[in-house]
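Asks: Right, I'll just put the structure down here and ask away after.
No lab work stands behind these numbers, since they all come straight from the coordinates. Note that the coordinates shown come from a computational prediction; the quantities given were computed from them, not determined experimentally. All Cβ positions, glycine included, derive from the backbone under ideal geometry; neighbour counts span all protein chains shown.
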Amino acid sequence: MKGIPSALVAELEAAAMRVAEDYGAFIARGPAPGTHDDAKAFAAHHAAAKSALAHLEHVLKLTRAAGIGEEVAGVAHANALLAQARGALAGEAEEEEDDGASG
């Protein structure tokens, strides 16, 4: 990584991995127990997940700007997670459109 301090490279790599791991753990936990029928709790959990994805996207933009590529395991994992989440969100949007068209 030309011209970029190795400490910054290491910090960005660690940040990408940490954000990706935290996002995965947050999603796995789901909304608080007993709140699955609570629309507000679900909406809050969904908003928090989208916010975490935005954070991950910003960290990945910083890694690209620093010249850190896919060869770094943490960055590759974070990019894959972001692509998977985007795909899931696109699928949800299509389902909502289909529901709206049939209703």
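Asks: Within the range 1-69, list the trypsin sites (Lys or Arg not before Pro) lying in a DSSP loop whose Cβ has at most 16 other Cβ atoms in a 10 Å radius.
Replies: Loop-located and lightly packed - K2.
Asks: Between A32 and H77, what's the calculated FRET efficiency when r is the beta-carbon distance and R0 is 30 Å? Round to 0.05.
Replies: The pair A32/H77 has a calculated efficiency of 0.65.
Asks: Let me ask something additional. Rounded to whole Hz and in sequence order, give me ³J(HN,Hα) for the range 26-34 from the Karplus expression 6.51 cos²θ - 1.76 cosθ + 1.60, θ = phi - 60°, writing x for Gly and Pro.
Replies: Values per residue, Gly and Pro as x: 4, 5, 4, 5, x, x, 3, x, x Hz.
Asks: Among D22, D37, which comes first, then next, by fewest other beta-carbon atoms within 10 Å?
Replies: D37, D22
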